[in-house]
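Trainee: Structure incoming, see below.
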Amino acid sequence: MSDKLTRIAIVNSDKCRPRKCRQECKKSCPVVRSGKLCIEVQPDSKLAFISESLCIGCGICPKKCPFDAITIINLPTNLESQVTHRYGPNSFKLHRLPMPRPGQVLGLVGTNGIGKSTALKILSGKLKPNLGRHDNPPDWEDVIKHFRGSELQNYFTKLLEDDLKAVVKPQYVDQIPRAVRGPNKSVRFLIESRASLGNMEQVANVLELNHIMDRDINHLSGGELQRFAIGTVAVQNSDIYMFDEPSSYLDVKQRLSAALIIRSLLRDNDYVIVVEHDLSVLDYLSDYICVLYGKPAVYGVVTLPHSVREGINIFLDGHIPTENLRFRDESLTFRIAETTDDFAIDKSRAFTYPKMEKTLGSFKLNIEAGDFTDSEIIVMMGENGTGKTTFCRLLAGALKPDSQKSVPEMRISMKPQTITPKFDGTVRQLFFKKIKQSFLSPQFQTDVVKPLKLDDFIDQEVKNLSGGELQRVAIVLALGIPADIYLIDEPSAYLDSEQRIIASRVIKRFIMHSKKTAFIVEHDFIMATYLADRVIVFDGQPGIDAHANKPESLLTGCNTFLKNLDVTFRRDPTNYRPRINKSGSQLDQEQKMSGNFVSSSAVVAQDDYSLTCFCSSSWRRPLIRAKGVHNEIFPSLDGASHGVWGVQNGNGQKQRVLGIDDDRSVSEDDDPDE
């Protein structure tokens with residue numbers, strides 16, 4: 001195979017403004033200087049055109065462009081023969097397609113703008129793949145010939161000859177009310193008019209739609225719209241079911257209910273495809289995974305199908321072993337917070353809030369008194385409608401408690417749950433108006449702005465931003481305001497899997513460096529466990545009577561929360577990400593019998609290397625004494641002590657550690673699995 005590289009030249013239509021620049025790209029191009037028309041800018045054109053066949057990939061034009069509108073990418077030549085679709089000259093290019101299999105759930109994982117929605121449009125028959133020939137599109141016979149010998153050949157043949165019906169749950173459910181036409185917009189009418197499977201009662205019960213059946217669709221919240229959209233798709237008799245981000249706006253319990261409904265659609269000859277950024281939910285409902293990698297808005301490549309565990313781990317590791325390809329510089333791992341026990345927290349600057357009650361209409365919230373310290377992140381876990389946002393507003397002073405008790409007066413910065421852009425101007429102008437001092441700080445730029453990659457859209461109009469871009473802007477605005485307490489409500493909404501982990505790191509690093517406190521509402525379990533030092537569990541009847549417990553250690557709080565949901569989690573041994581146990585599985589039953597609803601595998605950070613605990617999922621408490629020193633950073637769930645039989649150091653060698661309470665060496669006999 002030739003080592004020659006194929007070049008992709010992308011000109012961003014939102015940024016390129018030939019009439020407002022001196023055409024620096026054309027003037028500096030060495031190919032143009034030699035007399036060839038590599039870059040052309042017509043007098044009446046709104047975009048520059050770059051010839052990919054003439055481009056030598058020197059990289060001068062991207063640096064000279066004053067609007068950062070040009071991207072030049074070198075790709076292996078073998079990908080050129082695998083182009084599935086291209087929207088136009090110098091625009092996004094998708095390579096390969098996911099391979100759906102009848103009777104199985106295909107999960108798609110990848111960053112935003114990488115081609116997942118394009119792939120769904122092609123597989124649903126709404127978009128005809130042009131195989132990269134945007135100027136001379138092929139007919140369906142050529143398309144099927146292109147995919148001959150693969151599962152996609154049979155799929156497209158069925159799609160054309162058998163006239164397969166595809167139904168799609170859209171990504172942005174908040175736009176559904178505007179798309180619905182007709183005088184009757186009640187939930188019951190809209191679902192019944194599409195129901196053809198005879199499972200409407202089951203779907204309504206599992207998704208908890210019965211109490212909103214007679215409501216107008218314009219009066220539904222984000223979570224109710226999401227469940228309505230999933231239910232509308234699930235009651236239809238179709239051949240292909242597609243769900244684009246079905247967990248947005250839903251709490252953990254509702255996400256698992258949605259997963260059960262999606263799994264219930266599986267039949268021998270039907271296809272189910274799911275795009276999901278919550279990796280725990282994707283892991284739970286998928287049978288196999290296709291990873292999409294590339295550069296957002298430039299190109300995307302679909303990998304071959306992998307098993308669920310292998311596919312998600314490939315995405316997190318950033319390396320595809322079968323192709324010997326690294327598509328991300330660093331791997332993403334998850335570690336349980338290391339300051340989870342009360343005694344491990346520095347109480348030199350401790351603050352308290354009183355026991356409070358708040359009544360809003362028919363809803364009543366009882367809050368237990370609690371405390372917090374500097375450099376601490378407290379995550380609030382609970383179902384939708386249990387008062388987490390109300391608690392944030394009470395702390396912020398936006399609401400007053402029923403009693404005359406006062407919350408400590410402190411400077412507070414809050415990122416709300418719903419973001420409605422009203423600012424007329426660019427993102428840069430917004431930052432200069434709201435957080436100019438922080439935005440110009442080199443430390444803030446390094447810790448917050450650059451990791452969130454705001455440079456890609458900092459000069460775009462705020463009102464034209466996508467959901468994920470708005471979310472990142474809102475996080476920067478909240479962190480940029482000088483405050484003692486940061487209240488952040490659902491920072492993962494609209495962010496893809498990679499951006500969620502980056503946002504978690506940014507928030508955690510900022511809170512630790514600035515020695516402030518953060519209260520965070522989060523439903524993504526992976527993100528919540530990564531962020532949390534301690535947890536406040538909200539329980540009770542959603543929308544009627546709720547109770548907020550006092551802050552607990554991470555493992556204790558997660559255990560209480562998951563016990564309420566009757567769900568167990570384990571941790572992947574490769575990267576420690578939480579994985580949901582299948583209901584009724586042996587591991588699920590073991591953990592429920594032991595009262596340990598969240599597995600206790602973890603990583604202990606040391607000065608110069610890390611120690612990895614090897615512990616059975618049925619053990620309740622791994623406690624480590626390394627080098628003869630007590631290190632009680634893991635909380636006890638029941639006050640019991642258990643030894644740890646093996647610790648692996650940074651060199652991959654096992655070393656002995658001592659039990660904590662019994663003062664003896666731990667032997668192999670202590671392993672309950674042997």
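The values are calculated or read from the model by the stated rules, or taken from the named source; none is laboratory data. What you see is a predicted model; the values in this text were computed from it and never measured. Note that each Cβ is placed from the backbone with ideal geometry, even for glycine, and that neighbours are counted across all protein chains shown.
Trainee: Out of segment 173-193, which residues are surrounded by fewer than 14 Cβ atoms within 10 Å (Cβ to Cβ) and closer than 21 Å to GLY223 by Cβ?
Mentor: Of everything in segment 173-193, those that are surrounded by fewer than 14 Cβ atoms within 10 Å (Cβ to Cβ) and closer than 21 Å to GLY223 by Cβ turn out to be GLN175, ARG178, ALA179, VAL180.
Trainee: Please name all residue pairs, on different chains or six or more residues apart, with Cβ atoms under 6 Å, provided the first residue is in segment 426-451 and is closer than 12 Å to PHE510 by Cβ and the second residue is among the hydroxyl-bearing types (Ser, Thr, Tyr).
Mentor: PHE444/SER438
Trainee: If ILE144 satisfies all but one of (1) modelled with pLDDT of 90 or more; (2) among the β-branched types (Val, Ile, Thr); (3) within 32 Å of the chain's Cα centre (by Cα), what's the number of the condition it fails?
Mentor: Going through the list (1) modelled with pLDDT of 90 or more; (2) among the β-branched types (Val, Ile, Thr); (3) within 32 Å of the chain's Cα centre (by Cα), ILE144 breaks only (3).
Trainee: Next question. Is at least one residue of segment 267-281 crowded, with 24+ Cβ neighbours inside 10 Å, more than 20 Å from the chain's Cα centre (by Cα), β-branched (Val, Ile, Thr) and in the same structural domain as TYR249 (by the TED database)?
Mentor: Checked segment 267-281: at least one residue is crowded, with 24+ Cβ neighbours inside 10 Å, more than 20 Å from the chain's Cα centre (by Cα), β-branched (Val, Ile, Thr) and in the same structural domain as TYR249 (by the TED database).
Trainee: Name the single residue that is nearest to ALA234 (Cα to Cα) among those in segment 188-201 being assigned to a helix (DSSP H, G or I) and free of Cβ contacts under 8 Å to residues at least 40 places away in the same chain.
Mentor: Going through the qualifying residues, I end up with MET200.
Trainee: Related question: Among (1) touching an Asp or Glu at 6+ places or on another chain (Cβ under 9 Å); (2) part of a loop (DSSP other than H, G, I, E, B); (3) not assigned by the TED database to the domain that holds SER238, there is one condition THR111 misses while meeting the rest; what is its number?
Mentor: It is condition (3) that THR111 fails.
Trainee: Does any residue in segment 297-316 that is touching a residue at least 24 places away in the same chain (Cβ under 8 Å) and not assigned by the TED database to the domain that holds ASP68 come within less than 6 Å, Cβ to Cβ, of a residue that is outside any helix (DSSP H, G or I) and of a type in the set (Lys, Arg) six or more places away or on a different chain, and which pairs are these?
Mentor: The qualifying pairs are TYR299/LYS93; VAL302/ARG96.
Trainee: Test of understanding: among ALA478, ALA474, ALA503, which residue is in contact with a helix residue (DSSP H, G or I) (Cβ under 8 Å, 6 or more places away or on another chain), modelled with pLDDT of 90 or more and assigned to a helix (DSSP H, G or I)?
Mentor: Answer to the selection: ALA503.
Trainee: Name the residue that is nearest to the chain's Cα centre (by Cα), counting only residues in segment 8-52 that are surrounded by fewer than 20 Cβ atoms within 10 Å (Cβ to Cβ) and small (Gly, Ala, Ser).
Mentor: Per the criteria, the residue is SER13.
Trainee: Being at pLDDT 85 or above, outside any strand (DSSP E or B) and over 25 Å from THR418 (Cβ atoms) is the filter here; which residues of segment 351-402 pass it?
Mentor: Passing the criteria: PRO354, LYS355, GLU368, ALA369, ASP374, SER375.
Trainee: Out of LYS388, LYS400, LYS436, LYS415, I need the residue that is exposed (fewer than 14 other Cβ atoms within 10 Å of the Cβ) and not assigned by the TED database to the domain that holds LYS253. Which one?
Mentor: Criteria check complete, one pass: LYS436.
Trainee: I need a count of the residues in segment 455-470 that are part of a helix (DSSP H, G or I), among the acidic types (Asp, Glu) and within 12 Å of PHE423 (Cβ to Cβ).
Mentor: Matching residues across segment 455-470 total 0.
Trainee: Something else now. Hey, SER196 hits all of (1) at pLDDT 90 or above; (2) surrounded by fewer than 18 Cβ atoms within 10 Å (Cβ to Cβ) but one; which does it fall short on?
Mentor: (1)
Trainee: Follow-up question, since we're still on this one. Would you mind telling me which numbered condition in (1) farther than 30 Å from GLU151 by Cα; (2) in contact (Cβ under 8 Å) with a residue 12 or more places away in the chain LEU97 fails?
Mentor: Only one criterion in (1) farther than 30 Å from GLU151 by Cα; (2) in contact (Cβ under 8 Å) with a residue 12 or more places away in the chain is unmet by LEU97, namely (1).
Trainee: While we're here: Do we have any residue at all in segment 418-431 that's of a type in the set (A, V, I, L, M, F, W, C) and within 16 Å of the chain's Cα centre (by Cα)?
Mentor: no
Trainee: Can GLN82 be described as among the polar types (S, T, N, Q) and within 21 Å of ASP459 (Cβ to Cβ)?
Mentor: No: the conditions fail for GLN82.
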